[in-house]
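Before any comments, here is the structure.
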Amino acid sequence: MIGRVLLGAAGASVAAYGGWLLLSRQEPDQLVGAGTWLVLGVLLHDLVLVPLTLLVAWLGTRLLPRGARGPAAVVLVVLGSMTLVAVPVLGRFGRRPDNPTLLDRDYTTGWLVTAGLVLGVAGAVGLLGRLRSRPADTPGDHHP
């Protein structure tokens, strides 16, 4: 109980300090921009991302065999999160001609390699789970 109170107090203190920095060091138009992004982020999450995730999860429970659902859920969470974080670099948002060192890599290939690794590991885990759940043949069993 005391740990939760201390953790909550630390979180509230950090949030208050961040709010003070935001209000004391930004111009009014920057505050409006930050507020706009905050509201749009919540709306996009609640009106687009959550319904889309629920739809994909619902389809997964209908179309995938029981053993594949866990690995598919992991792929959905990991690839979905990774893709959302990668959108700015994949779209090359912020690239400037006067600074060629910004966004100077092939981020699409990196995303594809990482996605392939995630899919491969999830597939291997699903296959291992399937192999382990098979009933073992007993020595006396003979199947025609």
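Within the P(r) computed for segment 66-132, what percentage of the Cα pairs occupies the region above 19 Å? Before the final figure, lay out the partial values.
On the way: 1022 of 2211 pairs.
Tail fraction, whole percent: 46.
I need the calculated FRET efficiency for the pair ARG66 and ASP106, taking r as the beta carbon distance and R₀ as 35 Å, to the nearest 0.05.
0.35
Could you derive backbone 3J(HN,Hα) for segment 57-66 from the dihedral phi with the Karplus parameters 6.51, -1.76 and 1.60 (θ = phi - 60°), listing whole Hz in sequence and x where the residue is Gly or Pro?
My calculation for segment 57-66 gives 5, 4, 4, x, 5, 8, 9, 8, x, 3 Hz in order.
Positive end of the charge dipole of the chain (Lys, Arg +1 and Asp, Glu -1 on Cβ, about the Cα centre): tell me which of LEU49, GLY120, LEU38 has its Cα farthest that way.
GLY120
What is the distance in Å between the Cα centres of segment 33-88 and segment 99-133?
After rounding, the separation between the Cα centres reads 17 Å.
For Cα pairs less than 8 Å apart in space and 6+ apart in sequence, what is the mean separation divided by the residue count of the chain, i.e. the relative contact order in percent?
Reported as a whole number, the value is 21 percent.
What 222 nm value per residue comes from the helices of the chain, counting each DSSP H run with n ≥ 4 as -39,500 (n - 2.57) and dividing by all residues, nearest 500 deg cm²/dmol?
Details: 5 runs with 107 residues, N = 144.
Taken over the chain, the calculation gives -26000 deg cm²/dmol.
With charges set only on the Cβ (+1 for Lys and Arg, -1 for Asp and Glu), what does the dipole of the chain come to about its Cα centre, in debye to the nearest 20? Intermediate values should be presented prior to the final figure.
Details: 12 positive and 8 negative charges, 78 e Å.
Dipole of the chain, to the nearest 20 debye: 380 debye.
Exposure proxy check: VAL42, VAL74 ranked by fewest other beta carbons within 10 Å? Kindly include the intermediate steps, with their values, before the conclusion.
On the way: VAL42 10, VAL74 15.
Least crowded to most crowded, the residues run VAL42, VAL74.
What translational diffusion coefficient, to the nearest whole µm²/s, does the chain have by Stokes-Einstein, given a Kirkwood radius computed over alpha-carbon pairs, a temperature of 10 °C and 1.306 mPa s viscosity?
Reported coefficient: 77 µm²/s.
How large is ³J(HN,Hα), in whole Hz, for each residue of segment 104-118 in order, when computed from phi with the Karplus curve 6.51 cos²θ - 1.76 cosθ + 1.60 and θ = phi - 60°, using x for Gly and Pro?
9, 10, 8, 6, 5, 5, x, 5, 5, 5, 5, 4, x, 5, 4
At 37 °C and a viscosity of 0.692 mPa s, what translational diffusion coefficient does Stokes-Einstein give for segment 25-71, taking Rh as the Kirkwood radius over Cα pairs? Give it in µm²/s as a whole number.
This corresponds to a translational diffusion coefficient of 248 µm²/s.
No value in this document is a laboratory result; all are computed from the given coordinates. Fair warning: this is a prediction, and the values are worked out from it, not measured in the lab. No Cβ is skipped: glycine too gets one built from the backbone with ideal geometry, and neighbour counts run over all protein chains shown.
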